[in-house]
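Peer 1: Take a look at this one; I'll ask things after.
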Amino acid sequence: MDITPDAIVYWEAGSVRITATLVFTWLVMAILVGGSWLVTRRLSTETTLSRGQSLLEIVVEIIQEQIRDVTQQEPARYLPFVGTLFLFIAVSNILAIVPGFHPPTGSLSTTAALALCVFVSVPLFGIAERGVGGFLRAYLQPSAFLLPFNIIGELTRTVALALRLFGNVMSGTMMVAAALAIAPLFFPVIMSALGLLIGLIQAYIFAILALVFIASANQAHQEQAQTASINEKRRDGP
């Protein structure tokens, strides 16, 4: 059994390698793009909706509610990014029950890339809200000496997020494989259903953690900027 889809090489020429991670990542992307096109090409505002549109609206509404609960803000700003993270991870994990499919989320390179997207999104959302200067000044609060520690904190959160998703996916895969090896006649259906549930939970946890990191960073930076502004006013006096 291959531990990671990176170890499965379908084609290689020199330093160029096409692995299962790459193939199934593009397959998941194609499924998401194709499914979105099929559902949205004939959107309706009538009382009678297609099953695809009804399912899509339910998923979007659930994601919006979660964003609203976590950030206490309108979800429109975060919905495209967080929703894409959730759907990619969820579809990748759910398709793991298909024989021959190797979920790209079982590769550390994929989970690291997703975590890197979250790492980059934190300053992007912050800059969009407060501008470049306002966002960068927050890293110097309450003292410029804390700049290295603030940067290290951002990096460690990114690494932890990648390892968490990779560990969750790999542990779930190993559990299913062990159960099937012990009792192959009784466990397939149960473990397939459990695999679906675990895959959705993993996608939910990753998306929520990404949202919490983004929202908490922006909130912390806002509080630091407000504190710095108050301190400056106090120094200036009445």
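Peer 1: Provide the packing ranking of 197-204, 16-23, 83-90, i.e. peptides ordered by the mean count of other C-beta atoms within 10 Å per residue, highest first.
Peer 2: Those peptides, ordered most packed to least, come out 83-90, 197-204, 16-23.
Peer 1: Let me ask something else about it. ³J(HN,Hα) across region 46-51 via Karplus (A = 6.51, B = -1.76, C = 1.60, θ = phi - 60°), whole Hz, x for Gly/Pro?
Peer 2: Values, residue by residue: 6, 5, 9, 10, 5, 5 Hz.
Peer 1: While we're looking at this one, here's another question. Given the Cα-Cα distance of Glu46 and Glu74 and 0.36 nm per residue of separation, how much length would full extension add, in nm?
Peer 2: Here the segment from Glu46 to Glu74 would lengthen by 7.5 nm.
Since every read-out is calculated from the coordinates, none of them should be taken as a lab result. It should be emphasised that the depicted structure is a prediction, and the values quoted were computed from it without experimental measurement. Cβ atoms come from the backbone with ideal geometry, glycine included; neighbour counts cover every protein chain shown.
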